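Before any comments, here is the structure.
The values are calculated or read from the model by the stated rules, or taken from the named source; none is laboratory data. Keep in mind it's a predicted model, so treat the numbers as computed, not measured. Here the Cβ positions follow ideal geometry from the backbone for every residue, glycine too, while neighbour counts run over all protein chains shown. Note: accessible area is taken over every heavy atom of the protein model, side chains too, but ligands, DNA and RNA are not part of it. Shrake-Rupley method; radii C 1.70, N 1.55, O 1.52, S 1.80 Å.
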Amino acid sequence: MKRDEMLARLRSRDQPWDMVIIGGGATGVGIAVDGATRGLDVLLLEREDFGKATSSRSTKLVHGGVRYLEQGNISLVMEALKERGLLRQNAPHLVHDLAFVVPNYSWWETPFYGIGMKIYDLLAGQYGFGRSRILSLAETLEKLPNLQQDGLRGGVVYYDGQFDDSRLLIHLAQTAVDHGATLVNYAPAVELTKDEAGYLSGVIVEDTESGERFAVQAKVVVNAAGIFADSIRKMADAEAKKMIAPSQGIHLVFEGSFLRANAAIMVPHTSDGRVLFAIPWHGHTVVGTTDTEIDGPSYDPLPFEEEIQFVLDTAGQYLSRPPKRSDVLSVYVGIRPLVKAAGGGKGSTSALSRDHTIHVDQSGLLTIVGGKWTTYRHMAEDCVNHAITLGKLNDTDCVTKHLKIHGYLEGVDELDSFSVYGSDIGAIRAIAATDPKLGETLHPALPYIGAEVVWAVREEMARTLDDVLSRRLRALFLNAKAASEMAPAVAAIMAAELGLGQQWIDGEVARFQEFAKKYQVS
Ligand SMILES: Cc1cc2nc3c(=O)[nH]c(=O)nc-3n(C[C@H](O)[C@H](O)[C@H](O)COP(=O)(O)OP(=O)(O)OC[C@H]3O[C@@H](n4cnc5c(N)ncnc54)[C@H](O)[C@@H]3O)c2cc1C
């Protein structure tokens, strides 16, 4: 995946693309994979970096959604459970099973959640993971030795999937490129063009790095801009009403020793009725998430003080060693692109639809919003089916149900930090072998080595320190201070790859270190 090659394709094409997709998150990249594997000519434009907005900031669960089961949304749960199974089948290097324990402190919780989880198993049908069961007190503590023991009666264990969101996104982008799609980051759609009849005919795109603008023609324009989808709708129709009700969620990241287990805690009802998870992820403990209605979208949302306190307090109720503010290694915030309730009324965002919505406006702009990471494949299938009709494109069947995702490798050791690369591991080790320095870890608190930085620049279109440290490696999400400290070494490796000098290194390090402060809790 090389940006220069992608731009060259963009520049040289004078025919209309079958589909131009605006937005390089899970939704847009999923659509690119679906379209390309059906033989369509696909161009995807991403304003910033792939996954810069919501798709790198999830709870990292590939799940049916126990909360939606409680809300009685059976079809959403069944669809998500099926997609969970397909995703583990197609990307075993990036998705794995995880045991979730619902700790029970009241007599009624064990039968209640025991039955609920059996229904969850049942709805998964042939796509089931491990079977849920009721745990004795001793079994609960065996799975989660650091659980708060006061009043603990036992628990219920069930199984769901866990993944690395931005790594999966990059592998999906590579899959799309492997099948002929063209994907460009740092290439915002700045305008939509129309024909005399008022139908969309294409997109004006800017290469942010050079300032160069291109007019690309499209048979169908897909708006997959997530929380920014309304701004694209306004480009097509200045009167377009808002579809998105943004809702923010935060996660706090701590040392792995807080959980000290290879199982997660699932709290089905926090003090304000939400679901909270504490999960092991890349050797750390991630606790979240909240659900707070906010006014509008942003690339760098900040946590609210009440959210930080809420997560700390709730984690403290369930962990034998309650985490303190000073234990927070990173705080990351994501915004859900929830679809507004009918009538657009205000209300709790946690009750708004998690289903996806497809909308076609009078100019032919096809907007797809909502859904969740887990269901990206199904969303893409639905979207491309609509695009085929709308653009009179070659009508072929979707093939992604059994499509192996780039790097597909079975039997990886998920505790090995290299496992996320799947079948590309050998190529990264080969880079490390060319120079002993590239085999050294970049920071004592994190497992990353220089060869991964080279790989990210050479093969994964990483352009900035943020691209590398936040989404190719997960350093900023795991330990913001360590990410800041390793920035100069990473920038030096990047500059050598990109042919850039000291001035770029200095500017980039200063910018990143300022940015990384937003992930630290003072
Ligand atoms: C806190 C939180 C936790 C979550 N946890 C889970 C979970 O555990 N499991 C799960 O399944 N789902 C989860 N989700 C949901 C999931 O993360 C989202 O549904 C999904 O990432 C949305 O992807 P998207 O592609 O629609 O949006 P985004 O990832 O936001 O992508 C939209 C892209 O459009 C780009 N864009 C905007 N304007 C332009 C333009 N003019 N030109 C070009 N590009 C443009 C943006 O830069 C952005 O990259 C969670 C969400 C949140 C907020």
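The table for this structure:
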read-out: Matching entry among K234, K219 (being among the basic types (K, R), in a strand (DSSP E or B) and open to solvent by 20 Å² or more (accessible area, probe 1.4 Å)); value: K219
read-out: Residue that is open to solvent by less than 20 Å² (accessible area, probe 1.4 Å) and in contact with a helix residue (DSSP H, G or I) (Cβ under 9 Å, 6 or more places away or on another chain), where the choices are L442, L438, L465; value: L465
read-out: Breaking point among (1) open to solvent by less than 20 Å² (accessible area, probe 1.4 Å); (2) under 21 Å from the mean Cα position of the chain (by Cα); (3) at pLDDT 95 or above, for A245; value: (3)
read-out: Residue ID - most open to solvent (accessible area, probe 1.4 Å), chosen from residues in the stretch 312-337 that are within 16 Å of G256 (Cα to Cα) and among the hydrophobic types (A, V, I, L, M, F, W, C); value: L329
read-out: Exclusive hit being more than 9 Å from the ligand (Cβ to nearest atom), in contact (Cβ under 8 Å) with a residue 60 or more places away in the chain and either in a loop (DSSP other than H, G, I, E, B) or in contact with a helix residue (DSSP H, G or I) (Cβ under 8 Å, 6 or more places away or on another chain) (or both), set A240, A187; value: A240
read-out: The stretch 170-184 - residue that is away from the ligand (no atom under 12 Å from the Cβ) and part of a helix (DSSP H, G or I) and, of those, surrounded by the fewest Cβ atoms within 10 Å (Cβ to Cβ); value: D178
read-out: Residue tally, condition more than 14 Å from the ligand (Cβ to nearest atom) and either part of a loop (DSSP other than H, G, I, E, B) or open to solvent by less than 50 Å² (accessible area, probe 1.4 Å) (or both), over the stretch 56-72; value: 3
read-out: Subset tally (residues that are in a strand (DSSP E or B) and either open to solvent by 20 Å² or more (accessible area, probe 1.4 Å) or closer than 17 Å to A480 by Cα (or both)) for the stretch 269-279; value: 1
read-out: Per-region count, the stretch 32-75, residues of a type in the set (A, V, I, L, M, F, W, C) and under 12 Å from T182 (Cα atoms); value: 8
read-out: Subset of the stretch 35-54 that is within 7 Å of the ligand (Cβ to nearest atom) and either under 15 Å from A218 (Cα atoms) or not hydrophobic (A, V, I, L, M, F, W, C) (or both) - its residue that is most open to solvent (accessible area, probe 1.4 Å); value: R47
read-out: Condition check for A26: of a type in the set (G, A, S), within 23 Å of L276 (Cβ to Cβ) and within 13 Å of the ligand (Cβ to nearest atom); value: yes
read-out: Verdict on G125 being over 30 Å from P188 (Cβ atoms), without any contact (Cβ under 8 Å) to a residue 60 or more places away in the chain and either open to solvent by less than 40 Å² (accessible area, probe 1.4 Å) or part of a strand (DSSP E or B) (or both); value: no
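A quick yes/no check of all residues on (1) under 24 Å from S257 (Cβ atoms); (2) in contact with a Cys (Cβ under 9 Å, 6 or more places away or on another chain); (3) open to solvent by 40 Å² or more (accessible area, probe 1.4 Å):
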residue	(1), (2), (3)
R458	no, no, yes
A483	yes, no, no
V490	no, no, no
G499	no, no, yes
Q513	no, no, yes
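The rows are residues; the columns are (1) out of contact with any Asp or Glu (no Cβ under 9 Å at 6 or more places or on another chain); (2) open to solvent by 10 Å² or more (accessible area, probe 1.4 Å); (3) modelled with pLDDT of 95 or more.
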| position | (1), (2), (3) |
| --- | --- |
| L366 | yes, no, yes |
| W373 | no, yes, yes |
| I405 | yes, no, yes |
| D413 | yes, yes, no |
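Every residue, every condition in (1) touching a Leu at 6+ places or on another chain (Cβ under 6 Å); (2) aliphatic (A, V, I, L, M); (3) in a helix (DSSP H, G or I), yes or no:
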position: Y448; (1), (2), (3): yes, no, no
position: R458; (1), (2), (3): no, no, yes
position: M461; (1), (2), (3): no, yes, no
position: D467; (1), (2), (3): no, no, yes
position: R471; (1), (2), (3): no, no, yes
position: L476; (1), (2), (3): yes, yes, yes
position: K481; (1), (2), (3): no, no, yes
position: A489; (1), (2), (3): yes, yes, yes
position: M494; (1), (2), (3): no, yes, yes
